[in-house]
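Student: Quick one: the structure is below, and I'll ask about it shortly.
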Amino acid sequence: MKFTKMQGIGNDYIYINCFEEQVCNPSKLAVRLSDRHFGVGSDGLILIEPSQVADCKMDIYNADGSQGKMCGNGIRCVGKYLYERGISRKNVLTVETLSGTKTLVLDTDDGKVRAVEVNMGKPILTPEKIPARFPGEKAVNTPLMVGGCSYQVTCVSMGNPHCVVFVDDTEDFPVGEIGPEFETNPVFPQRVNTEFVQVLNRSEAKMRVWERGSGETLACGTGACASAVACILNGKTDRRVLLHLLGGDLRIRWEKSSGNVFMKGPAEFSFDGSVEL
C-alpha cells in the first residue's frame with residue numbers, strides 16, 4: 001500500500017489516497033503505522049476518500065486508533081495533496097468531514113500550494129454540545145478541579161472538544177503531566193483536547209496542546225482556533241490572533257459578521273512510501 005507523510009507546522013499524519021487504495025481496518029492500521037519506533041511515525045492516519053458532496057472526504061484516526069472528527073492542520077495538507085497530486089486543480093476546494101463540509105482557499109504559485117486558509121465554521125459554545133458537563137449556556141472562565149488543583153477553563157468545540165487554560169508561561173508548564181488529567185476528566189464524556197495558552201499581546205499568543213488519543217503534539221489547528229476563540233471570549237485579544245505553536249505559526253480570525261472562524265497556515269510533503277500489509 002502506498003502512503004504519503006505530510007505535516008502542517010509539525011502536526012504530522014500519514015495520508016492514504018483512497019481514490020486508488022483500499023483500507024479495510026483503518027483503526028488498526030493507524031496504531032501500527034503511527035508508532036514512531038516500529039512504524040512510520042505520526043500523530044495519526046488520514047484517509048483521502050471520494051465524496052458525494054465535496055471534492056473529497058477526510059477520514060481521521062488518531063495514533064491510538066480512535067476516530068477523530070476534524071483536524072485543522074490535517075485538512076490543509078489534504079488541500080495541498082488534492083491540488084498538487086492532480087485530484088482537483090481548483091484554488092477553492094471542499095472537504096467532507098465528520099464535523100461538516102469545510103471550504104479551503106489555496107494560495108498557489110507556480111503549481112505549488114504555499115498556504116491554505118480553511119473556513120472552520122462557527123465555534124460551538126454550548127457545553128452539552130461540546131460535550132462538557134458544565135451548567136449554563138457557556139463554559140467561559142469556569143473553575144474545574146483537575147489533578148487536585150483548580151483551573152479556570154474555557155470550553156469550545158471546533159467539531160471536536162477543546163478545553164483552553166490560560167497560563168503564565170507555556171515553556172515551563174508541565175503539559176505532559178497535566179494534559180492526561182484533563183483528557184480523561186469525567187466532565188468530558190468523549191475525552192478532550194487541552195490547550196495551554198500564554199497571551200503575549202492583543203494580537204499574539206503562544207500555545208501548547210495535549211491532544212486526546214495522541215498526547216502532546218507540535219501543533220493542533222482546531223486547538224489554535226479554539227484558543228483564539230477563548231482569548232476573544234475572555235477579552236484578552238482582538239479578533240485576529242497570531243498563534244505561536246511548537247511547530248510554527250497559525251493565523252486565526254473570528255469574523256463578527258458571519259460568526260465563522262478562519263485558519264491560515266502552511267502544509268508540506270515529507271515523503272512518499274509503501275508498506276506491506
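The values are calculated or read from the model by the stated rules, or taken from the named source; none is laboratory data. Please read these numbers as outputs of a predicted model, since none were measured by experiment. In this analysis, Cβ positions are derived from the backbone assuming ideal geometry, glycine residues included, and neighbour counts consider all displayed protein chains. The area values use the complete protein model at the heavy-atom level, side chains included, leaving out ligands, DNA and RNA. Shrake-Rupley method; radii C 1.70, N 1.55, O 1.52, S 1.80 Å.
Student: Taking the alpha-carbon centroid of each part, what is the distance from the stretch 65-120 to the stretch 210-277 in angstrom?
Tutor: Here the two parts' Cα centres lie 14 Å apart.
Student: Hey, any idea what % of the chain's accessible area is carbon plus sulfur with a 1.4 Å probe? Intermediate results must be reported in sequence, preceding the final value.
Tutor: On the way: 5470 of 11880 Å².
Whole-percent figure for carbon plus sulfur exposure: 46.
Student: Measuring with a 1.4 Å probe in the full set of protein chains, what accessible area per residue, in whole Å², belongs to the stretch 175-217? Can you show the working numbers first?
Tutor: Values: 1610 Å² over 43 residues.
It amounts to 38 Å² per residue over the stretch 175-217.
Student: Using the crude model of +1 on Lys and Arg Cβ and -1 on Asp and Glu Cβ, and no other charge, please compute the dipole size for the stretch 119-189 relative to its Cα centre, in debye to 20. Intermediate results must be reported in sequence, preceding the final value.
Tutor: Details: 4 positive and 9 negative charges, 113 e Å.
That gives a dipole near 540 debye.
Student: With +1 on each Lys and Arg Cβ and -1 on each Asp and Glu Cβ, and nothing else charged, work out how big the dipole of the chain is about its Cα centre, in Debye to the nearest 20.
Tutor: Numbers: 31 positive and 34 negative charges, 166 e Å.
Using only the charged Cβ atoms, the result is roughly 800 debye.
Student: Mean projection of the alpha-carbon convex hull of the stretch 72-202 over all orientations, in nm²? Walk me through the numbers on the way to the answer.
Tutor: Working: hull surface 40.3 nm².
If I average the Cα hull's projected area over directions, I get 10.1 nm².
Student: How many percent of all Cα-Cα pairs in the chain sit more than 29 Å apart?
Tutor: On the way: 10678 of 38226 pairs.
Here the tail beyond 29 Å accounts for 28 percent of pairs.
Student: Assign one of three labels to the stretch 1-64, namely rounded, prolate or oblate, based on the Cα gyration tensor with a ≥ b ≥ c the square roots of its eigenvalues; rounded applies when a/c is under 1.5, prolate when it is not and a/b is larger than b/c, and oblate otherwise.
Tutor: On the way: a/c = 2.04, a/b = 1.52, b/c = 1.35.
Since a/c reaches 1.5 and a/b is larger than b/c, the shape of the stretch 1-64 is classed as prolate.
Student: Which value in deg cm²/dmol, rounded to the nearest 500, describes the helix-derived mean residue ellipticity at 222 nm for the chain, given -39,500 (n - 2.57) per DSSP H run of n ≥ 4 and division by the residue count? The partial results should precede the final answer.
Tutor: Working: 4 runs with 44 residues, N = 277.
Value at 222 nm, helices only: -5000 deg cm²/dmol.
Student: Moving on. Most fluctuating residue of D110, D35, D249 in a GNM of the chain with Cα springs under 10 Å: which is it?
Tutor: Looking only at D110, D35, D249, the largest GNM fluctuation is found for D110.
Student: Also: Given R₀ = 25 Å, FRET efficiency for K256-T101 by Cβ-Cβ distance, to 0.05?
Tutor: Values: r = 23 Å, r/R0 = 0.92.
Taking R0 as 25 Å, the efficiency between K256 and T101 is 0.65.
Student: Let me ask you something else. What percent of all Cα-Cα pairs in the stretch 81-129 falls in each 10 Å bin, counting up from 0?
Tutor: Calculated over all Cα pairs of the stretch 81-129, the distribution is 22, 46, 20, 10, 2 percent.
Student: Where a Cα-Cα gap under 30 Å defines reach, which lysines qualify for K112, not counting those fewer than 8 residues away within the same chain?
Tutor: Within the straight-line cut-off, K112 pairs with K2, K5, K57, K69, K80, K90, K102, K122, K206, K264.
Student: Starting from the coordinates of the alpha-carbon atoms of the stretch 163-228, obtain the Kirkwood hydrodynamic radius over all distinct pairs and give the value in Å to one decimal.
Tutor: Here the Kirkwood hydrodynamic radius works out to 11.9 Å.
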